[in-house]
Every structure is written in C-alpha cells, then in structure tokens.
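Presented below is the structure to which this report refers.
The values are calculated or read from the model by the stated rules, or taken from the named source; none is laboratory data. Remember, predicted model here, so these are calculated numbers, not experimental data. When we count neighbours, we look across all protein chains shown, and the Cβ atoms used for this are built from the backbone with ideal geometry, even at glycine. Ligands, DNA and RNA are stripped out before the accessible areas are found, and what is left, the full protein with its side chains, is counted by its heavy atoms. Shrake-Rupley method; radii C 1.70, N 1.55, O 1.52, S 1.80 Å.
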Amino acid sequence: MTHTEAAAALEDARFEARQDSRHEDLANDERGPAELAEWARITQLLAGTDDVYDPQGDVVVQAELAADTAAAAAREAELREAQRIAARADELQALRELGTLEQTKPHTGDEAVRDELTRRAGGYVQADVDAWLARALTAHLGHYRDPAARESAAGLLTPPVLAHAALLAELTRLVPGADVDELAFAARLATTEPEAAGALAAFLARVEGTRA
C-alpha cells in the first residue's frame with residue numbers, strides 16, 4: 001500500500017465515520033474511530049516517502065501482535081491452571097469420601113484447590129481439608145518440605161489454617177509423639193479464635209526458648 005492508497009482509505013474511513021455518526025446505534029461504536037485513527041497513523045507514516053506499507057515492518061502493529069499473542073498465551077495458561085485445580089479438587093473430594101485424605105501428601109497449588117473446594121461448598125469452611133493442610137504444613141509433608149513453599153503458604157492460606165499449623169508445631173515440640181486426636185482442640189481454637197491461637201503459639205515458642 002502506497003501513501004496515495006492509504007490516504008484514499010483514510011478518506012473512506014472518514015466518510016464511514018460521518019455516516020455512522022448519523023445513526024444513534026452506531027454513534028458509540030468504538031471500531032469506527034479506532035479504524036479511522038489507524039488509517040491516519042499509516043497515512044502519516046508514509047507521508048513524504050515512496051515507501052510501500054508493510055505490516056511486518058510496522059513496529060506498532062508488531063507490538064500489538066506480540067501483545068495479543070502474550071494475552072492469548074496467558075488466557076491459555078489460566079485455562080490450564082483452572083482445569084488442573086478442578087481435577088485436583090475432584091481427586092481430593094474422592095479421597096475425602098474414601099477417608100484417606102489424611103494419608104495424602106499435598107501438592108504444589110493445593111492452596112488454590114482448597115479455595116475451589118470451599119467455593120463448591122458455597123463458601124463454607126472445609127474443616128477436614130483445613131486440618132489436613134495445617135498438619136501437612138506442620139510436619140513439612142509433600143511440597144511443604146521446601147522452605148519456600150512453607151513461606152509462600154503464609155500468603156495463600158487463611159489465618160485459621162496458619163494459626164492451626166503454628167499451634168500444632170509448638171504443641172508437638174512440647175509433647176513429642178502426641179496423638180493427632182489429642183490435639184484436636186487446636187483446630188477448634190484456630191477456627192474460632194485464630195488470633196488467640198496465633199498468640200498462644202508465639203507464647204509457647206517463648207517458653208521453649210527460655211527452656212533452651
């Protein structure tokens with residue numbers, strides 16, 4: 001496309017814009033102004049030259065194409081992640097029904113799966129899932145073996161789950177080998193009073209520190 005051809009296309013776009021402005025249902029259509037602006041830009045780009053317009057050499061067009069490609073890739077990644085979360089939620093639900101959730105090690109991303117299970121339950125807290133994650137976090141099971149994963153959990157899990165894990169960690173240090181059933185009160189306290197549970201965990205840590 002030469003400058004003359006671009007200028008002719010710009011005039012056509014201007015004519016279409018004037019026509020559209022007379023119709024109320026088209027007056028607010030954003031496509032017309034966008035097309036007009038693009039033809040004006042191309043015409044200005046070719047002004048005073050004998051160049052032929054080539055989209056491959058247009059940095060603006062290439063930047064837009066790159067942005068569109070990146071956005072499409074991001075949408076695809078989001079879709080794959082949503083599918084992964086849904087599949088993992090189905091798996092954990094099946095394990096719950098079998099009564100084997102506690103024997104399952106958490107995977108990377110299970111914090112988001114917890115949120116999905118809560119969403120499926122209409123926003124109600126899934127106490128067994130929260131307790132499972134808290135115990136796994138305390139015992140450094142699954143992906144929580146990685147210190148970075150445990151650090152990330154602080155921003156991904158709810159205060160009650162984190163308080164439960166912190167309290168469990170201090171209680172098991174105080175009474176090594178304590179049975180899980182003996183510490184069931186920790187989950188109830190963390191659920192109803194997460195701040196108090198966290199404060200108790202911090203206090204017990206101080207006690208341990210003074211003994212050391």
Alpha-carbon centroids, the range 172-203 and the range 106-171: separation in whole Å = 15
Over the chain, volume per residue of the alpha carbon convex hull, in Å³ | 219
With r defined as the distance between the Cβ atoms of Arg75 and Ala37 and R0 fixed at 25 Å, what FRET efficiency is calculated, to the nearest 0.05?
-> 0.45
Ranked highest first by average number of other Cβ atoms within 10 Å, how do 100-110, 153-163, 73-83 line up?
-> 153-163, 100-110, 73-83
Kindly provide the Kirkwood hydrodynamic radius of the range 163-203 in Å, to one decimal, from all pairs of distinct alpha carbon atoms.
-> 9.9
Positive dipole terminus of the range 45-172, leading residue within Ala70, Tyr144, Ala112 (C-beta point charges) = Tyr144
Only Lys, Arg (+1) and Asp, Glu (-1) charged, at Cβ; the range 83-164 dipole about Cα centre in debye = 60
Which value in Å does the Kirkwood hydrodynamic radius of the range 91-171 take, with 1/r averaged over all unlike C-alpha pairs and then inverted?
-> 12.7
Would you work out the relative contact order for the chain, in percent, from Cα pairs under 8 angstrom that are 6 or more residues apart?
-> 13
What percentage of the solvent-accessible surface of the chain, computed with a 1.4 Å probe over protein heavy atoms, is contributed by carbon and sulfur atoms?
-> 56
To one decimal place, what orientation-averaged projected area in nm² is obtained for the convex hull of the Cα set of the range 27-147?
-> 13.5
Starting from the Cα-Cα distance between Glu64 and Ala8, subtract it from 0.36 nm times their residue separation and give me the gain in nm to one decimal.
-> 17.7 nm
Please give the calculated 222 nm ellipticity per residue for the chain, where each DSSP H segment of at least 4 residues contributes -39500 (n - 2.57) and the sum is spread over every residue; nearest 500 deg cm²/dmol?
-> -24500 deg cm²/dmol
Measuring from its Cα centre, the chain shows a charge dipole (+1 at each Lys and Arg Cβ, -1 at each Asp and Glu Cβ) which, in debye to the nearest 20, is 1460
